[in-house]
């Protein structure tokens with residue numbers, strides 16, 4: 001292959017402008033060779049991503065919006081307070097000293113005193129995981145037992161800590177009921193492999209960074225305990241943990257700086273560095289020495305720091321010129337006086353120190369032909385990692401961003417060793433690299449990688465990805481075997497054939513089939529997924545979305561999909577069809593990052609989607625052409641702006657089963673509207689949240705609306721935010737409202753659904769699991785009855801089987817036909 005072609009030549013070959021080609025190179029970390037060979041479908045997706053330069057920040061803003069209370073703030077210790085309330089609820093219900101006259105004693109579990117509610121058992125029995133066991137999810141850390149390397153622990157961003165005892169052939173969560181499942185970093189004590197620390201929360205301002213609740217520790221590798229002294233705001237986001245070689249000192253890197261503890265119980269902490277820190281590493285053998293990398297935001301300078309007194313004090317390292325952005329560091333295993341830095345800058349630079357991290361000099365970080373690598377692309381603030389763990393070669397370095405790159409000359413020359421767009425290679429967006437404990441360079445050369453697609457391995461880090469041509473697939477092994485940590489935003493299914501689709505963060509819209517099972521989910525559509533819908537009358541039709549209400553449709557049972565919101569590929573670029581064949585709010589990004597849309601339960605050709613306006617199509621199945629397709633019409637105008645000045649986007653939509661004219665809509669400022677002529681060209685809308693003698697409280701972000709299918713006067717509305725009273729009910733069509741959520745923890749309520757046969761049976765998905773009611777919300781189960789403690793974003797029915805889509809632990813189902 002001729003690799004000497006210019007960007008201009010490749011642009012002409014791929015029907016790109018030179019500007020498009022150059023932007024793709026720099027933002028996606030592509031070489032000229034990769035740009036020339038990336039498949040057309042992937043190229044189109046990458047070009048579309050160029051239209052969303054602030055995509056990660058939009059995701060972050062979307063999650064923050066869901067956490068804010070009515071004052072547009074996130075209370076301190078919000079998640080911990082909700083979990084404390086949950087424990088208090090359970091304790092109050094379990095207060096009797098005995099059961100049926102028999103003293104309970106100290107050995108009786110509190111859950112044993114709590115009966116099932118609406119078919120859900122407080123012991124979480126009955127739930128079955130649907131996976132995906134083959135997709136994985138964002139994995140920030142991996143630790144390996146030094147004496148038994150088949151035993152490993154992985155820390156996922158939203159699904160907690162997982163363990164394998166067979167080298168990754170299968171995984172199990174260590175504790176689905178940990179108080180927080182958002183793992184930011186893990187570290188094993190060098191002196192005791194049974195002592196592992198897990199820091200929660202992510203601090204890189206990434207797309208959907210999950211808020212943490214401090215640090216957990218196990219001293220037997222099995223049971224985990226929360227370190228109560230870390231239940232403070234400064235521990236909400238743990239970017240890195242490090243334990244000194246003698247096992248005495250624990251350093252914690254956070255966006256607020258470095259915290260240090262040197263007592264064995266980790267009760268006392270000191271703040272020893274006050275600037276934002278991305279990475280901290282102890283010297284592998286000298287407990288007095290440590291290095292740290294900065295976490296600059298915006299245009300601020302990044303930096304590196306070093307300590308010679310075990311992290312008690314820090315000095316700024318010197319280097320030529322200013323650094324910017326996130327800085328990741330690695331001691332060279334063969335000679336710890338050598339320290340490598342991966343500096344975010346624009347698209348990535350490698351620097352090296354030969355004096356233990358006190359001074360650094362820049363390396364070329366170039367391709368063999370001298371061209372820059374752009375190895376971090378445009379998101380080194382999010383995925384940035386460096387590894388120098390070869391015990392006999394200090395010049396052997398791996399850096400990772402979107403892809404992985406190898407250098408054998410200390411960072412001067414780089415070559416890519418993974419290909420993000422090929423499923424046979426390692427997944428994109430790399431966060432962590434760790435060597436096998438027996439790595440000696442000959443014969444053991446095994447290394448493990450954590451990325452947005454889960455866990456990957458190579459048995460030979462020196463030869464992995466050494467294919468003569470793209471893609472780089474040689475030697476890569478995926479270890480996502482039952483590692484179900486996918487972060488879903490939404491889901492839907494067809495009860496007739498059991499096919500389910502789900503919209504996932506960074507893993508697209510995914511499909512589950514009964515034949516494929518939990519380990520064989522497939523991709524329907526790439527990018528970020530969101531809300532989903534399934535045609536109940538035709539198993540070939542499924543609907544999903546990309547960001548900002550860009551709705552796509554599958555007509556082949558979820559094997560493939562294309563846009564019906566109006567965006568189309570013209571052979572050269574993404575363009576929008578003329579009205580009425582487009583959703584103008586989607587084109588202009590005037591919608592929530594993950595925007596609501598619903599399929600009318602009464603008419604499978606009708607879809608309603610919410611941006612600034614409410615959009616409707618009555619011909620959802622109309623074939624696409626380059627200029628036509630389903631036609632869209634705005635049937636409800638804008639509701640203005642919120643009190644904080646945000647566009648008042650639609651955040652919830654419901655259509656009454658049995659009456660397509662009855663439609664309810666909620667907005668992000670808590671406004672709720674309804675119409676009873678919703679199929680007309682110009683429906684009349686009435687605001688319903690502030691009318692009558694018992695109005696809804698003023699809230700932010702109406703999250704979900706559910707209309708009782710057997711009584712359309714009964715409607716439930718849920719709200720997001722760490723606040724009280726997040727579930728409301730009306731029994732008279734909105735004339736009077738009643739708070740029915742006071743007994744629930746003060747946490748966002750993302751979803752509410754009604755049992756198909758028993759309308760008084762309610763189920764809500766919250767930030768801390770699932771709760772149930774058997775009396776229309778008058779009382780609630782006193783404990784989380786969902787399968788895990790992570791966020792539950794969607795609840796939907798397959799007949800009388802309830803499916804739960806979580807944001808961090810994949811999907812689960814439970815048969816409630818006997819409820």
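Counting the residues of region 512-552 that are in contact (Cβ under 8 Å) with a residue 60 or more places away in the chain, under 17 Å from residue 630 (Cα atoms) and surrounded by fewer than 24 Cβ atoms within 10 Å (Cβ to Cβ) gives 2.
Set side by side, the residues 498, 503, 517, 530 differ, and just one is in the same structural domain as residue 620 (by TED's automatic domain parsing), part of a loop (DSSP other than H, G, I, E, B), within 30 Å of residue 635 (Cβ to Cβ) and modelled with pLDDT of 95 or more, which is 530.
In the condition set (1) more than 33 Å from the chain's Cα centre (by Cα); (2) crowded, with 16+ Cβ neighbours inside 10 Å, residue 658 is compliant with all but (2). Counting only residues that are surrounded by fewer than 21 Cβ atoms within 10 Å (Cβ to Cβ) and at pLDDT 95 or above, region 320-335 holds 3 of them. The condition (being in contact with a strand residue (DSSP E or B) (Cβ under 6 Å, 6 or more places away or on another chain), in the same structural domain as residue 261 (by TED's automatic domain parsing), part of a loop (DSSP other than H, G, I, E, B) and modelled with pLDDT of 85 or more) is satisfied by just one residue among 187, 142, 238: 238. Filtering region 411-433 to residues that are in a loop (DSSP other than H, G, I, E, B) and in contact with a strand residue (DSSP E or B) (Cβ under 6 Å, 6 or more places away or on another chain) leaves 411, 414, 417, 418, 426, 427, 429. When residue 669 is tested against (1) at pLDDT 95 or above; (2) within 25 Å of residue 490 (Cα to Cα), only condition (1) is not met. Against the definition (under 17 Å from residue 652 (Cβ atoms), in contact with a strand residue (DSSP E or B) (Cβ under 8 Å, 6 or more places away or on another chain) and surrounded by fewer than 24 Cβ atoms within 10 Å (Cβ to Cβ)), how does residue 779 come out, yes or no? It is false that residue 779 is under 17 Å from residue 652 (Cβ atoms), in contact with a strand residue (DSSP E or B) (Cβ under 8 Å, 6 or more places away or on another chain) and surrounded by fewer than 24 Cβ atoms within 10 Å (Cβ to Cβ).
If you go through region 266-290 and keep only what is assigned to a loop (DSSP other than H, G, I, E, B) and in contact with a helix residue (DSSP H, G or I) (Cβ under 8 Å, 6 or more places away or on another chain), you end up with 266, 267, 268, 269.
Restricting attention to region 464-480, the residues that are touching a strand residue (DSSP E or B) at 6+ places or on another chain (Cβ under 8 Å) and either buried (at least 20 other Cβ atoms within 10 Å of the Cβ) or part of a loop (DSSP other than H, G, I, E, B) (or both) total 8. Put simply, of 21, 34 the only residue that is more than 25 Å from the chain's Cα centre (by Cα), assigned to a helix (DSSP H, G or I), more than 26 Å from residue 505 (Cβ to Cβ) and at pLDDT 90 or above is 21.
The values are calculated or read from the model by the stated rules, or taken from the named source; none is laboratory data. Computed from a prediction, not measured in an experiment: that's the story for all the values here. Cβ: placed from backbone, ideal geometry, glycine included. Neighbour counts: every protein chain shown.
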